[in-house]
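Comments concern the structure below.
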Amino acid sequence: MSAPSLQRNPLGQWVWTDEQGVRHDQVVVVRAFPVTAPGQGVGVMDAEGHELAWFDRLDQVSKPLQDVLREAIAEREFLPEIQRLQAVSSLVTPSVWTVQTDRGEARFMLKGEEDIRRLTGKTLIVSDADGVQYLIRDPMALDRHSRKLLDRFM
């Protein structure tokens, strides 16, 4: 038996090699709870959606495999985290928001207050007019200006 590995093939697709040395092509790495528990519950799935491997916690996986798993996850998931609300075009909807995210500046239209949803006690998801979702992990951790703007829509 050998250690499992995740690598790219010449076409750039992910390939999982399990403990028995069996190769599985075109796999995807998914998180069970990407917002509420991003470091827990990570699976490697084959092209048909069957689970090939499961990791209860990423921090319990070897560092090289952990890095590759995180890279595969980052390619698949797109959930920018809003770090600051820079401007809002209007205090009523629809309005155009200019925000700073962990992936850079973004500008989007918020159609209605119902497009801001609370997931857990603190976590919010903001959906723009194009269906892109933005995460606000903790509104109280935002700066005062951002909280003031956000409060107008909550």
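Derivation of every value follows stated rules applied to the coordinates shown; laboratory data play no part. Worth saying up front: this structure is predicted, and the values here are computed from it rather than measured. Please note: Cβ atoms are built from the backbone with ideal geometry, for glycine as well, and neighbour counts cover all protein chains shown.
Here the peptides 12-22, 29-39 are ranked by packing, the mean other Cβ count within 10 Å, and the order with the highest first is 29-39, 12-22. Protection proxy ranking of 80-93, 140-153, by the mean of other Cβ atoms within 10 Å over each peptide's residues and highest first, is 80-93, 140-153.
Taking R0 as 30 Å, what's the FRET efficiency between GLU113 and ALA32 from their Cβ-Cβ distance, rounded to 0.05? The pair GLU113/ALA32 has a calculated efficiency of 0.55. Extension gain, GLN40-GLN13: 0.36 nm per intervening residue step, less the Cα-Cα distance, totals 7.4 nm. Normalised by the number of residues in the chain, the average gap of Cα pairs under 8 Å and 6 or more apart makes the relative contact order 13 percent. The Stokes-Einstein estimate for the chain, based on a Kirkwood radius over Cα pairs and taken at 4 °C with 1.567 mPa s viscosity, is a diffusion coefficient of 74 µm²/s. In plain terms, the chain from GLU75 to GLU105 could stretch by 8.9 nm, reckoned as 0.36 nm per residue minus the Cα-Cα distance. For the stretch 76-135 and the stretch 3-23, what is the separation of their C-alpha centers, rounded to whole Å? The stretch 76-135 and the stretch 3-23 have Cα centres spaced 36 Å from each other. Residue-wise HN-Hα couplings along the stretch 72-87, as the Karplus relation 6.51 cos²θ - 1.76 cosθ + 1.60 with θ = phi - 60° gives them from phi, are 5, 5, 4, 5, 8, 8, 9, 9, x, 9, 6, 9, 7, 8, 8, 7 Hz; Gly and Pro carry x.
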